[in-house]
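Okay, structure first, notes after.
The values are calculated or read from the model by the stated rules, or taken from the named source; none is laboratory data. None of the values given here were measured: they were computed from a predicted structure. For neighbour counting, all protein chains shown are included, and Cβ atoms are generated from backbone atoms with ideal geometry for every residue, glycine included. Note: areas computed on protein heavy atoms with side chains; ligands, DNA, RNA excluded. Shrake-Rupley method; radii C 1.70, N 1.55, O 1.52, S 1.80 Å.
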Amino acid sequence: MEPIFFVHLTDIHLSKPGKTPLFGLVMADKLRNVCAEIGKLQPKPAFVVISGDLTHDGDLDDYKFLRSFLREQEMAIGIPIHVALGNHDFRGPFREGYLEETPSEESYYYSFMADGLRVAVLNTQVPGTHDGRIDEQQLAWLRDLLAVPAPRGTIVVHHHPVVPTPTAMMDSHLLQNPQDLARVLEGTDVIGLLSGHIHFHNIGQLAGFPCAAADGVAFGLDPSSAEVMRMVDRSGYNLGVVKNGQMVVQPMTMPGDQRVLGRV
Ligand SMILES: [Fe+2]
Ligand SMILES: [Fe+2]
């Protein structure tokens, strides 16, 4: 069976043009550079999935810009781009500006197929907070979805990660109910989980399922910084391949000066 290549991006933190840039960086330029690299990959990836923090402020105009920008990049690279929501996203403006639907606070989760591989995209937002949790409704939806296996297995995409990080400070940003998710995944065709939010590559497992968080596209965080959150001018992504029934992840880093942008 042919391997399936894909790209996992996260934390693009896009803003509409003209806004004061975060850390003086134009996030659209950073994403454009990453997309240019993706466009050169051989074999060509089957899809790109972005695991949340699509915008920084979550304004309606940011989502309108996100829509036109991502459609432009899809055309340029010839690869479909799928998205999940993160803690910096807002459902109402996202539904109106990106999906071009009537705005509502309805959670955004769905699945898609690519060459026999199923991708389940979850929404771990806890509205009004930066916390991450998978609610009962989504757990029930995921249980139903996974009841029937997909030909090449399933990958689950969600913003808040489940793997412990190097520091206690960053651990406070993890998904709050990983064991609920683990119970739903048990005995299913899931081959891996992909997430973001922490802005650095971090690989581990949940109940034996391989899990990979990716570096941010907009900026990185220093994973070894225990006392302060140190933001770094860096972009990265995960190059994924499904081969021999496994999800294999190659963390990729874009060239850059890795300069410290700020500390929180
Ligand atoms: Fe983020
Ligand atoms: Fe986040």
Exercise. So how far, in whole Å, is the C-alpha centre of region 132-156 from the one of region 166-188?
Worked result: 15 Å
Problem set entry | Residue among Leu60, Gly236, Met169 farthest towards the positive dipole end of region 4-263, charges placed on Cβ | Gly236
For this session: Report the relative contact order of region 4-263, percent, no decimals, based on alpha-carbon pairs under 8 angstrom and at least 6 residues apart.
Result: 19 percent
For this session: In whole angstrom, note down how far apart the Cα centers of region 63-94 and region 23-47 are.
Result: 13 Å
Problem set entry | Of Tyr237, Tyr110, Tyr63, the one that fluctuates the most in a GNM where the chain has Cα springs shorter than 10 Å | Tyr110
Problem set entry | Computed helical MRE - 222 nm, the chain, DSSP H runs ≥ 4 contributing -39500 (n - 2.57), nearest 500 | -7000 deg cm²/dmol
Exercise. With the Cα gyration tensor of region 22-128 giving a ≥ b ≥ c as the square roots of its eigenvalues, does the rule (a/c under 1.5 for rounded; else a/b larger than b/c for prolate; else oblate) give rounded, prolate or oblate?
Worked result: oblate
For this session: Over the residues of the chain, compute the C-alpha Rg and express it relative to 2.2 N^0.38 Å.
Result: 0.94
Exercise. Within the chain, what percent of beta bridges assigned by DSSP are antiparallel, to the nearest 5?
Worked result: 60 percent
For this session: Please arrange Met1, Met113 by accessible surface area, largest first, computed with a 1.4 Å probe and ligands excluded.
Result: Met1, Met113
Seminar exercise, completed: Answer in debye to the nearest 20: the dipole magnitude of region 104-248 about its Cα centre, from +1 Lys/Arg and -1 Asp/Glu charges placed on Cβ, is 440 debye
Seminar exercise, completed: For the chain, whose charge dipole is built from +1 on Lys and Arg Cβ atoms and -1 on Asp and Glu Cβ atoms, the candidate among Val126, Phe94, Pro80 with its Cα farthest towards the positive end is Pro80
Problem set entry | Lys, Arg +1 and Asp, Glu -1 on Cβ, resulting dipole of region 53-107 about Cα centre, debye, nearest 20 | 200 debye
Seminar exercise, completed: Computed for the chain: size of charge dipole around the Cα centre, +1 on C-beta of each Lys and Arg, -1 on C-beta of each Asp and Glu, debye to nearest 20, value 600 debye
For this session: Straight distance only, please: which aspartates and glutamates reach the Cα of Lys44 with their own Cα at less than 15 Å, same-chain residues fewer than 8 apart left out?
Result: Glu2, Glu74, Asp115
For this session: Take Lys19, Lys64 and sort them by solvent-accessible surface of the protein heavy atoms, 1.4 Å probe, largest at the top.
Result: Lys64, Lys19
Problem set entry | Max mean-square fluctuation residue, GNM over the chain, Cα-Cα springs under 10 Å, options Pro103, Pro251, Pro45 | Pro103
